[in-house]
Amino acid sequence: MSTTETQKKARWCWRKDLAAFRGLTDRERTGFLLVLEWFENFRLRHELPAGREAARSFWRDEVLGKGRQRETWQLEQWEDAIKWYLGWLNACAEEGSDHRSLPERVRAAVYSAGSRRGLALETKKCYRIWAARYARFAGDEREVMREETATRFLTSVVEDEDCAYSTQKQALNALAFFFKHVLGREDPVFNVKLKKTGARVPVVLSQGETQRLFEALESPDSSMAPSETAAEKSEASPTDAPKAKKHNARYGLVARLQYGAGLRLSEVVRLRVKDVDLPRQAAIGGSREWHPATPSPSRKGLQRGDQAGLSGGGN
């Protein structure tokens, strides 16, 4: 981000242009600001590019979704605000200017830098999320490039958020990457001390509960739907009676294999028959280390891997 580029992009901020826009009363301007902030948060949360498609998704999911009842004046005001925003985007396109918000630009820059340096996909996703959060915290281009601002942000993460030490380390590494590889700072210094957190004891199922869960996954479900009452069942015709679902051991087998082998969710969804060693009763994970698999119950299922769906589409 050069100084000239930063100044050029700063002129195209919809918040600043809305504040200076003629033809709106102070009340209308305040209403527009509220709904557009709402829309921007929705768009950034779902990583949608600015445009009509994002506006349609926002209107469908946030404004009218889940049967929400809105007042007529609200819908009219919110529609006018979205139309103003789309018109502003068109004006930006005519001038060939970058209309993206600061969090979007920082997020894209971090992701691009990570791709050029061969970072893993999950690492790039993690870094860009923290970078976008930091950009929202900073507020403007000058603040986002100051190490003091980064120190305040990291301090708020450590002191104000109840997060694990590993999460604090992620935030620190993401900002260090941003300052080094996006801003070109050789050795950024953040005066923040991470806080060690105690080990959290996980809540786990007992052996009996785990076995019942496996049995439920492997058994056909012939019960009534939760929303069906006894009265509705008595009034239903014989042809409307619930039918037993066809037995399908796919999910039970996968659950047993993940539980017994200690696989991550991302590992088990990519598992193929070639990754399973039946004689050794082992499965290979994403780290390419062999994990001892649970015996007996899943062994029979593994021998029917093609029918159970483990073969997927890969070899």
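Explain nothing, just the number: relative contact order of segment 11-112, from Cα pairs under 8 Å at least 6 residues apart, as a whole percent. If you can, show how the numbers build up before the last one.
On the way: 46 pairs, mean separation 38.8, N = 102.
Reported relative contact order: 38 percent.
Along its principal axes, what span do the Cα atoms of segment 102-181 show, with the longest given first and each in whole Å?
Extents along the principal axes: 33, 29, 18 Å.
Which order do the peptides 125-131, 23-29 come out in when sorted by mean C-beta neighbours inside 10 angstrom, highest first? Provide the component values of the computation, followed by the final result.
Values: 125-131: 20.9, 23-29: 11.1.
Top to bottom by mean Cβ count within 10 Å: 125-131, 23-29.
Based on a Kirkwood Rh over C-alpha pairs, give the Stokes-Einstein translational diffusion coefficient of segment 1-129 at 25 °C and viscosity 0.890 mPa s in µm²/s. Walk me through the numbers before you get to the answer.
Values: Rh = 16.4 Å.
In µm²/s, the coefficient rounds to 149.
Taken together, the values in this text are just the output of simple stated rules run on the coordinates, not laboratory data. All figures in this text were calculated on a predicted structure; none of them were measured in a lab. Positions of Cβ are backbone-derived with ideal geometry, glycine not excepted, and every protein chain shown enters the neighbour counts.
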